[in-house]
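Bear in mind these aren't lab numbers, they're just calculated from the coordinates by the rules spelled out. Note that the structure is a prediction, hence the values are computed from the model and not measured. No Cβ is skipped: glycine too gets one built from the backbone with ideal geometry, and neighbour counts run over all protein chains shown.
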Amino acid sequence: MIRSSAKNAKTDAQLVADYKQTGDQTCIEVLFNRYCHLVFAVAMKYLHQQDESKDAVIDIFEKVPADLKRYEIKNFSHWIYIVTKNYCFQLLKKRKHNLSAEVLDYSLQENWTDPADEVDFGKLLIDHLEESLRSLNEEQRICVQLFYLDEKSYEEVEQRTGYTYKQVKSHIQNGKRNLRIFLERFLK
């Protein structure tokens with residue numbers, strides 16, 4: 001809750017300057033209220049998980065006071081957008097690393113220490129992906145195959161299949177979701 005309507009009327013640059021001079025936390029509260037929805041929306045765009053995106057908002061705004069003191073910020077809205085994007089990229093990088101570690105842990109649990117066996121695991125994954133593609137309904141399979149494997153645009157998929165743009169988009173999104181579910185089951 002913002003305690004000062006006078007602070008709420010100030011520009012971002014004035015709030016940043018005031019905070020640097022006085023350390024008044026209401027400046028941070030006003031900035032939070034102005035930009036928490038933007039930070040959340042950007043986080044959702046990259047992370048695709050509501051809880052993780054909410055945590056991102058909190059984590060980012062916990063660091064804002066120290067960053068405002070440390071850096072010269074000319075345009076707060078642009079700066080917070082870039083900070084959020086970088087934060088999300090770091091999380092995605094960790095997530096990718098953790099996935100690799102999970103796959104490695106899985107292969108070690110199965111005592112797959114021979115490099116030839118690791119190749120077999122890769123082949124199993126590819127075979128399962130092919131099987132997953134075959135398990136999609138025909139519309140999803142065709143659209144996913146054309147879009148991802150043949151690298152066709154939505155418009156090209158539309159022309160080849162005769163589906164509308166909305167149908168192509170829907171088939172690709174649903175097919176991708178179903179593939180992810182199949183592969184997650186396989187990895188577990």
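A few notes on this one:
- Label-reachable residues, segment 152-185, where backbone N falls under 14 Å from a point 7 Å from Glu138's Cα toward its Cβ: 161-163
- Label-point gap, in nm, between Gln21 and Ser77 - each point 7 angstrom along Cα→Cβ: 2.4
- Among the listed pairs Lys10/Lys63; Lys94/Lys176; Lys45/Lys166; Lys20/Lys45, those whose Cα-Cα separation exceeds 26 Å are Lys20/Lys45.
- Computed from backbone phi, the HN-Hα couplings of segment 135-145 come to 7, 5, 5, 4, 4, 5, 4, 4, 5, 5, 4 Hz, rounded to whole numbers (Karplus: 6.51 cos²θ - 1.76 cosθ + 1.60, θ = phi - 60°; Gly and Pro given as x).
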